[in-house]
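No value in this document is a laboratory result; all are computed from the given coordinates. Everything quoted here is computed from the prediction, not taken from an experiment. Note that we place each Cβ from the backbone using ideal geometry, even for glycine, and neighbour counts take in every protein chain shown.
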Amino acid sequence: MSRISATFARLAAARRKALIPYVTAGFPFADITPELMHGMVEAGADVIELGVPFSDPMADGPVIQKAGEKALALGVGMTQVLAMVSAFRERDSQTPVVLMGYANPVERYDLVHGQGTFIRDAASAGVDGVLIVDYPPEECGQFASDLKKAGLDLIFLLAPTSTARRMQQVAEVASGYVYYVALKGVTGAGHLDTATVEQMLPRIREHVKVPVGVGFGIRDAASAKAISKVADAVIIGTKIVQLVEQQPRERVVPEVAAFLREIRQALDH
C-alpha cells in the first residue's frame, strides 16, 4: 500500500477528511520550501501537492503562473524540486508528497538524464505520486505501469465537463486519489458552486474507486467545510500562494500555518 493510500485509509477509519495544500516549489523564496512543507504538516496537512515550476502552465491562473515565473527566475527546476523533497524526507517519512505539473519538465528531465530517470529519481527522493496535467489517461498506460513498479501513484484531474467515458478511462489507470476540478476554468477562477460538486461526485464514484479530492475555488474555512461533506479531500492552492506572495521570509511559514489550522479545525468540527 502506498503512503497516499495508507493516509486515506487511516483518515477514513477515523471518519476524517484529508487536507491537501498546494504550494509552488521555490516560491516565494528558493530555499524555503522544505521548511514550509514541515509547517503545513504541523498545521494539519495530510498530503502535500508540490507544484513544479513551468513556463506555460495551461491550467493555472495568474496567481500560480506568477509564482512559477518567480521560482523559475530563482533557478528552480525539476532537479531542485526533487532535492527539496529529499530535504523534507530527512525529518518526515510519513506525509505523502505529490508533484503537480506538466509533461515538459518530466520529459526534459528524462531527455537530459536518461530515459526513466525521472521516475527513478522521484522515487528515490521520496515522492509518492505525480499529477501531470497534460497527460491524458488513454496515453498513460506505460507511464502508469512504470510508476506503479516504483511505488508511485498516478493522479488525474476530472472536471465538470468530464464524460462517463473519460471517468472510466481515468479509473483504469488512476491510483492514490483523483482531483476533481470544481470550476470550469483555471486555478483561482470563478465562484465555487458546492451544489454542482454534490451532484458530480456520485457520478464520479460510479466509475472511480479511489478517493476523490476537490480543488479550484476553495478559499476559506466555510467553503472547505462545505466541500468536505461530500469529498474525501479538500485541496487548496491559489489562496495559499496569495497569502505568501508579499510576505517577508520570516512570515511565510507562520501565515500558511495559521490559515491551514483554521481549515483543519473546520474540517474536523
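Here are some notes:
- Three-way shape call for region 1-69 based on the alpha-carbon gyration tensor, with the a/c threshold at 1.5: prolate
- Working from label points 7 Å from Cα in the Cα-to-Cβ sense, the Glu139 to Glu250 distance is 4.9 nm.
- Placing pseudo-labels 7 Å out from each Cα toward the beta carbon at His269 and Ala14 gives an inter-label distance of 1.9 nm.
- Residues whose amide H falls under 5 Å from that of Ala18, counting only those 5 or more places apart or on a different chain, are Ala233, Val234, with hydrogens built in the peptide plane.
- Over the chain, dividing the summed -39,500 (n - 2.57) contributions of all DSSP H runs of at least 4 residues by the number of residues returns a 222 nm mean residue ellipticity of -14500 deg cm²/dmol.
- Among the DSSP helices (H) of the chain, those spanning at least 24 angstrom by Cα along their long axis with an average Kyte-Doolittle hydropathy of -0.5 or more are 249-268; this is a geometric and hydropathy rule only.
- Ordered by the count of other Cβ atoms within 10 Å of each Cβ, fewest first, Thr24, Thr238 give Thr238, Thr24.
- Model label sites at Arg165 and Lys229, defined 7 Å from Cα along the beta-carbon direction, differ in position by 3.5 nm.
- The chain - share of DSSP beta bridges that are antiparallel (%, nearest 5): 0
- Taking every alpha-carbon pair under 8 Å whose residues sit at least 6 apart, the chain reaches a relative contact order of 23 percent.
- Cβ-Cβ distance of Lys149 and Glu35, R₀ of 30 Å, FRET efficiency by 1/(1 + (r/R0)^6): the value works out to about 0.40.
- Note that the chain carries a Kirkwood radius of 18.3 Å, evaluated over its alpha carbons pair by pair.
- This model, with +1 at the C-beta of Lys and Arg and -1 at the C-beta of Asp and Glu, gives the chain a dipole about its Cα centre of some 700 debye.
- Cα shape, region 102-158, gyration tensor, a/c 1.5 rule: oblate
- Gyration tensor verdict on region 69-124 (Cα atoms; rounded if a/c is under 1.5, prolate if a/b is larger than b/c, oblate otherwise): oblate
- Residue exposure sequence - Met40, Met200 - by fewest surrounding Cβ within 10 Å: Met200, Met40
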